[in-house]
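The structure appears right after this line, and notes come after that.
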Amino acid sequence: MKRRDFLTNTAATSALIGLGGLGLNSCSGFNSRHITILHTNDVHSHIDPFPSSHSAYANLGGVARRATLVDNIRNENPNTLLFDAGDIFQGTPYFNFYGGELEFRLMSKLNYDAATIGNHDFDNGVDGLLAQVPHAKFELLSANYDFTNTVMEGFVKPYKIYMIDEIKIGVYGIGIALDGLVTKRLYKETKYLNPFEIALDMERKLKEEESCDLIVCLSHLGYDYDRPERPSDTQLAQSTYYTNLIIGGHTHTFLDKPDVRINKNGDSVLVNQVGAFGINLGRIDFYFDGQKNTSANGVSISV
C-alpha cells in the first residue's frame, strides 16, 4: 500500500483554515470528533487487479484489495463513510455478462454508504439499472436527475443524512448532462436539471433546515474543462456556500492531492478525484473540536 500525503506545507495548511478557522491536525483535544471519508469513482466494472504486464497500471486495483484497505481503515476509525462518484458500470466483460449485478453485490459487501449515478450507469438503460437496484445495499443519490415517469422513480434519493459520533453529515448527488453522452432510448424520460441551481438548493436545505455539520457532494460532472460553459466540479465549488467536500468523477482525473477552491462565503472547499478503475482509494479525514469547528487532512492510497 502506497500512501501519498498531501496538504503538508504551510501554504496548503493556510488554505484550509476556512473550513472552520482551524489549521490541519489541530483538533486533538478531549472533545474532538474524527470522521473519515473514503471514496472511489469511475471504477468501470474493474473487479480484478490489472495484470503485471499492463503498460500503465501493472498489478494495481482489484476489489479484494480495496476491501482489505477499507476494513483496515474502519478498524482504525469506526466513524468512516464510503462513497462512489459514479460510472460503476461498463468497462470489462463482467458488466457485459452480469449487467451490473456483480458490481452492486461487491459494493454492498464492502458496505458502501452511497453512490451517485454516472452516464455509463445508463448503458443498459433505466430498465437495466432498475434490475440491479435490489443488489445495492447502499443509497443511490442524484438530486438533478428527475426520474419522474421512469421505472427508476422512487429508487433514487436527492440526498442522505448520516449521524456519526454526534456529527451530522449531509450528502447529495449531482450528475452530468445525459444528452450527447447517452442515447435517449436509454435514459428515456429522465430529466436533467441545472446542477448549480440544484446544488445550491441541496446545500441550503442540508445546512439551514437540517443543520448539518458537514456537507458532501458526490459529483459526476467532471473535474475541470477548457470550455467554461461545461459545468465542472471546480465551478461548482466556487458557486456554493456550504458544501465542504466535492467527490468527483467522469474525467478520470488523477489528483495528487485534493484541490482547494474558495466558495461564495470565502471558505475553502475540497475537490477530489482519484482517477479511475479502482486503482486508488481516496481518504479525507475531518476533525471537529468541541464547538464543531472543522479542519481536514488526507492521503491518497494506491491499491
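The values are calculated or read from the model by the stated rules, or taken from the named source; none is laboratory data. Because the structure is predicted, anything quoted here is derived from the model rather than measured. Note: ideal-geometry Cβ built from the backbone for every residue, glycine included; neighbour counts use all protein chains shown.
Reported count of residues in the range 34-50, each being under 14 Å from ILE301 (Cα atoms) and either among the hydrophobic types (A, V, I, L, M, F, W, C) or surrounded by fewer than 20 Cβ atoms within 10 Å (Cβ to Cβ) (or both), is 3. For residues that are out of contact with any Leu (no Cβ under 8 Å at 6 or more places or on another chain) and under 21 Å from ALA276 (Cα atoms), scanning just the range 115-128, find the one that is surrounded by the most Cβ atoms within 10 Å (Cβ to Cβ). Applying the filter and picking the extreme gives GLY118. The set of residues from the range 127-153 being in contact with a helix residue (DSSP H, G or I) (Cβ under 6 Å, 6 or more places away or on another chain) and farther than 15 Å from GLY86 by Cα comprises HIS135, LYS137, THR150, VAL151, MET152.
Of all residues in the range 201-233, those satisfying the criterion of being in contact with a helix residue (DSSP H, G or I) (Cβ under 7 Å, 6 or more places away or on another chain) and of a type in the set (A, V, I, L, M) are ILE215, LEU221. For the range 47-89, a residue qualifies if it is of a type outside the set (A, V, I, L, M, F, W, C), out of contact with any helix residue (DSSP H, G or I) (no Cβ under 8 Å at 6 or more places or on another chain) and under 20 Å from GLY249 (Cα atoms), and the qualifying residues are TYR57, GLY61, GLY62, ARG66. Annotation: of all residues in the range 138-172 being under 13 Å from ALA114 (Cα atoms), out of contact with any Cys (no Cβ under 8 Å at 6 or more places or on another chain) and not hydrophobic (A, V, I, L, M, F, W, C), the one that is surrounded by the most Cβ atoms within 10 Å (Cβ to Cβ) is SER142.
Looking only at the range 225-232, decide whether some residue is at pLDDT below 95, among the basic types (Lys, Arg) and closer than 30 Å to ARG65 by Cα. No, the range 225-232 has no match at all. Residues that are under 22 Å from THR240 (Cα atoms) and of a type in the set (Asp, Glu) were ranked within the range 265-299; the one that is nearest to the chain's Cα centre (by Cα) is ASP285.
Could you list, in sequence order, the residues of the range 232-259 that are crowded, with 19+ Cβ neighbours inside 10 Å and in contact (Cβ under 8 Å) with a residue 40 or more places away in the chain? Within the range 232-259, ASP233, LEU236, THR240, THR243, ASN244, LEU245, ILE247, GLY248, GLY249, HIS250, PRO258 meet the criteria. Looking only at the range 81-91, decide whether some residue is over 20 Å from LYS257 (Cβ atoms), surrounded by fewer than 22 Cβ atoms within 10 Å (Cβ to Cβ), modelled with pLDDT of 95 or more and not hydrophobic (A, V, I, L, M, F, W, C). Yes: one or more hits.
Among residues of the range 115-135 that are within 17 Å of LEU102 (Cβ to Cβ), those with a beta-carbon under 7 Å from a residue that is at pLDDT 95 or above and among the polar types (S, T, N, Q) at least six positions away or on a different chain give the pairs HIS120/GLN90; ASP123/GLN90; HIS135/SER108.
Across the range 269-302, the number of residues qualifying as β-branched (Val, Ile, Thr), surrounded by 23 or more Cβ atoms within 10 Å (Cβ to Cβ), in contact with a helix residue (DSSP H, G or I) (Cβ under 7 Å, 6 or more places away or on another chain) and under 30 Å from SER45 (Cβ atoms) comes to 1. Of the helices (runs of 4 or more DSSP H) entirely within the range 49-126, those holding at least 2 residues that are of a type in the set (Phe, Trp, Tyr) occupy 93-98.
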